[in-house]
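The values are calculated or read from the model by the stated rules, or taken from the named source; none is laboratory data. Quantities reported herein were computed from a predicted structural model and do not represent experimental measurements. In this analysis, Cβ positions are derived from the backbone assuming ideal geometry, glycine residues included, and neighbour counts consider all displayed protein chains. Heads up: the accessible areas ignore ligands, DNA and RNA and are worked out on the full protein's heavy atoms, side chains in. Shrake-Rupley method; radii C 1.70, N 1.55, O 1.52, S 1.80 Å.
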Amino acid sequence: MPRLIVYSVMVLLMLALIPPVVAARVRATPSEGRPIHIIQDMDIQAKFKAQSENPEYADQRAMRPEVVGAVARGETYLNPHLQNGVVDGGWATSLPEAIKLELKTVERGQQRYNIYCAPCHGWNGSGQGPVNQRALSLMNNADGPPDGTSWTQARNLHDPGWSEQPIGQIFNTVTNGKNSMAGYESQITVEDRWAISIYVKALQRSQNAVMQDVPTSVREEWNR
Ligand code: HEC
């Protein structure tokens, strides 16, 4: 092979090394300037910066307020009674200050319970909701081949030992889940989780109620 070609190839190879060396050096050196983006990804795009104006909105603000119904989570728990149902290291037996025991709270709890809990625990809390029944029928499908369905029976909320659970413990189960039941902290607001817990206590009471639990005025109305 002619010398000229050999030398030319060697020189070209040396030259070819320069760009990677320069790139490596630049990457390792802190710089105030913008990085060079060969592939334009989403770092560089038209956008509104924090605290800037956006004429598209009536209030001209680019930063939008919190969406109605957004559930706050992962923040510091400054109030263990409200956030976890815990008072002095034990389960709360009373409501936190922010939650008022009113008929409309119980009714809200009933409505939310029927949406979130009744599918498994049933309307009356006995653990026989439609999801539970469907899972049991799949598991007990004696004719078909085993399909690997396994299911934990939703707790009967009137079982001894559970029917007397303090309201704080029920709230904690709704919030963080328990064993094979998932928590609802990310889906249900803290007020609604308390409303549901109040309703669960009412359900539990309803299964062991005596006539004296019904206010006299209501009983009089029935007897009329
Ligand atoms: C997908 C089905 C399902 C849904 C929905 C569900 N649960 Fe449960 N729940 C279970 C199962 C299963 C258990 C038993 C968990 C275990 O011990 O493994 C349970 C257990 C419980 C317990 C007893 C916890 C303990 O101390 O042992 C309470 C109280 C409870 N659920 C309340 C609720 C409430 C209130 C809701 C609605 C916010 C709800 N559950 C929604 C399936 C469900």
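Observations on the structure shown:
- Relative contact order (%) - the chain, alpha-carbon pairs under 8 angstrom, separation at least six: 19 percent
- S137/I115 FRET efficiency (R0 25 Å; Cβ-Cβ; nearest 0.05): 0.60
- Accessible surface for region 1-118, divided over its residues, is 89 Å² per residue with a 1.4 Å probe.
- Distances between placed amide hydrogens fall under 5 Å for M181 paired with no residue 5 or more residues away or on another chain.
- Here A182 and A58 are evaluated by their C-beta separation; at R0 = 35 Å the FRET efficiency comes out at 0.30.
- Heavy-atom surface analysis with a 1.4 Å probe gives the chain a carbon and sulfur content of 58 percent of its accessible area.
- Eigenvalues of the alpha-carbon gyration tensor of region 91-223, scaled by 5 and square-rooted, set the equivalent ellipsoid semi-axes at 30, 19, 13 angstrom, largest first.
- Other residues lying with their Cβ under 13 Å from the Cβ of Q128 contribute a combined charge of +1, Lys and Arg counting +1, Asp and Glu -1.
- Under the Karplus curve 6.51 cos²θ - 1.76 cosθ + 1.60, θ = phi - 60°, whole-Hz ³J(HN,Hα) for region 118-128, x wherever Gly or Pro sits: 4, x, 9, 7, x, 4, 9, x, 7, x, 10
- Fraction of alpha-carbon pairs over 29 Å apart in the chain - percent: 58 percent
- Overall form of region 1-116 per C-alpha gyration tensor (a/c, 1.5; a/b vs b/c): prolate
- Highest-fluctuation residue, A28, A70, A62 considered, GNM on the chain with Cα pairs under 10 Å: A28
- On the beta carbon distance between M211 and A70, with R0 = 35 Å, the FRET formula returns roughly 0.20.
- Across region 91-223, the relative contact order, built from alpha-carbon pairs under 8 Å that are at least six residues apart, equals 30 percent.
- Chain lengthening between I38 and A23 when straightened (0.36 nm per residue, less Cα-Cα): 4.2 nm
- Within a Gaussian network of the chain (alpha carbon springs, distance under 10 Å), most fluctuating of T173, T149, T93: T149
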